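J.: Sharing a structure with you now.
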Amino acid sequence: MKFDLVLAGGRVLDPSQNLDRVTQVGFTDGKVAAVGDDLAAQAQSVRDVSGKIVTPGIIDLHTHVYWGGTSLGIDADDFARSSAVTTCVDTGSAGPGNFPGFRRHVIEPADARILVYLHVSFAGIYGFDTKIMVGESHDFRLMAPKHAAEVIEANRDVIVGIKVRIGRHASGPQGIAPLDVALGLSDEVGLPVMCHIDEPPPSYEAVVSKLRKGDVLTHCFRPFPNAPIMGNGRVKAEVLEARERGVYFDIGHGMGSFSYKTARAMLEAGFPPDTISSDVHAFCTEGPAYDQLTTMSKFLGLGMPLSEVIERSTVRAGQVLQRPELGTFRKGAVGDASILTLASGEFALEDVEGEILHTNQRLQAAGVVLNGRWWHPA
């Protein structure tokens, strides 16, 4: 069999197949063609990635990449290169009123894959800025489920779910009501909801109790107030019940939504996140989130094994998206790969409350394969 590209000599780490060894990965026609030890002789192009870690393409389940269309948007391709991300999932930057521009001017020209949780609010997250901060869910006149359903039906190739933001900052006087609108839209179109939560009201318990199997709670390890744990470190009963019925818990680090105190308590209680994501946007790329690999490195520093960190940013994210062709090196899967180094040294990584975690290793980007072709970082 002939391969268009073979990655040779790297430590291939694919949690979807319990694979962790030095071997080769071959790509043909934009797909994963084989994983094995003797592929290079049959390849048109070989990349020597000795000393590197080769994983299925990293998926960042929570990003904001509507660059130029919203003030919080960043450039998807720049981010993908610097963080070895192959799939950016934009979570609510656009709503039904401005999604066409997002698709034409950002999604289609980008090299990196962009999938979307469409906001149920007409213009998405339009008022998130350092100079003005307006929660889009404050105004019920902007809730646009009927229009959103029409946009979803016309764009199911890239729209994977529905976004709504709930909390004192995001929904204010409307409380939990916008979540009810999003859940109704979900029932209509058959796609899951991703729900943002910030400070109360409503409470973490009230929000998570409404979510159903396949829905996602993002900012799941946020600090007090509205943390998933009580003061004694115990996980709240409603949180345990939500996981039992199949709700997914996503990190969504961002500017204010990830606390080491919460993370330690949740990990000690045997409650790891389902997915690790950055919530990268224009106001957290200089800290505290920075990017996807920094967020993943924080979990290494908290003691999570490398294979589990990779799992929660590859195959698990693909499962949440209901896109089993992503996040795996199984034959026939999308031909994406992330090439990483595990750097040694002294690293200081902060959370959103200013706590510094000192760690001796962190992940860094060394290369990207997109749809079976080499696409190296800037």
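Each value in this text was obtained by applying a stated rule to the coordinates, not by laboratory testing. Everything numeric in this text was worked out from a predicted model, so none of it was measured. A quick note on method: Cβ atoms are made from the backbone with ideal geometry, for glycine too, and the neighbour counts reach across all protein chains shown.
J.: So which lysines pass the test for Lys298, namely a Cα distance under 18 Å, with those fewer than 8 places away in the same chain ruled out?
T.: Within reach: Lys261.
J.: Now for a different question. Given the stretch 176-262, what whole percent of its Cα pairs are spread farther than 21 Å? Let's see the in-between values first.
T.: Working: 919 of 3741 pairs.
Taking all Cα-Cα pairs of the stretch 176-262, the fraction more than 21 Å apart is 25 percent.
J.: Could you give me D for the stretch 1-140, from Stokes-Einstein at 10 °C and 1.306 mPa s, where the hydrodynamic radius is the Kirkwood radius over C-alpha pairs? Units µm² s⁻¹, please.
T.: Values: Rh = 17.2 Å.
Result for D is 92 µm²/s.
J.: What is the Cα convex hull volume of the stretch 312-378 when expressed per residue in Å³? Before the final figure, lay out each step's value.
T.: On the way: hull volume 8.4 nm³, N = 67.
Spread over its residues, the Cα hull of the stretch 312-378 gives 126 Å³ apiece.
J.: Now for a different question. Quick check on the stretch 143-182: what does the Kirkwood estimate of hydrodynamic radius come out to from the alpha carbon pairs, in Å? Please list the in-between numbers first.
T.: On the way: mean 1/r = 0.0892 Å⁻¹.
Every distinct Cα pair counted, the radius reaches 11.2 Å.
J.: If packing is taken as the average number of other Cβ atoms within 10 Å across a peptide's residues, how do 286-292, 45-51 rank, most packed first?
T.: Numbers: 286-292: 20.6, 45-51: 15.6.
Highest to lowest by the protection proxy: 286-292, 45-51.
J.: May I pose another question? What is the antiparallel percent of DSSP beta bridges lying wholly in the chain, to the nearest 5? Let's see the in-between values first.
T.: Numbers: 35 of 68 bridges.
Roughly 50 percent of the DSSP beta bridges within the chain come out antiparallel.
J.: Something else: Order these peptides, 33-42, 221-230, 56-65, by their mean beta-carbon neighbour count within 10 angstrom, highest first.
T.: On the way: 33-42: 15.5, 221-230: 20.2, 56-65: 30.7.
Packing proxy ranking, top to bottom: 56-65, 221-230, 33-42.
J.: Normalise the Debye intensity by I(0) for the chain, one equal point scatterer per Cα, no solvent, then take log10 at q = 0.10 Å⁻¹ and round to two decimals.
T.: -0.59
J.: Local charge sum around Asp187 (other residues, Cβ-Cβ under 14 Å, Lys/Arg +1, Asp/Glu -1)?
T.: Working: positive: Lys146, Lys210, Arg212, Lys213; negative: Asp180, Glu188, Asp215.
Result for the neighbourhood of Asp187: +1.
J.: I've got another one for you. Relative to the first principal axis of the alpha-carbon coordinates of the chain, what is the inclination of helix 177-189, with its axis defined by its Cα atoms, in degrees from 0 to 90 and to the nearest 10?
T.: It is inclined by approximately 50 degrees.
J.: What FRET efficiency comes out for Lys2 versus Arg243 if R0 is 51 angstrom and r is the Cβ-Cβ distance? Round to the nearest 0.05. If you can, show how the numbers build up before the last one.
T.: Values: r = 45 Å, r/R0 = 0.89.
The computed FRET efficiency comes out at 0.65.
J.: Apply the a/c threshold of 1.5 to the C-alpha gyration tensor of the stretch 238-378 and tell me whether it is rounded, prolate or oblate. Before the final figure, lay out the partial values.
T.: Details: a/c = 1.77, a/b = 1.14, b/c = 1.55.
Cα axes put the stretch 238-378 in the oblate bin.
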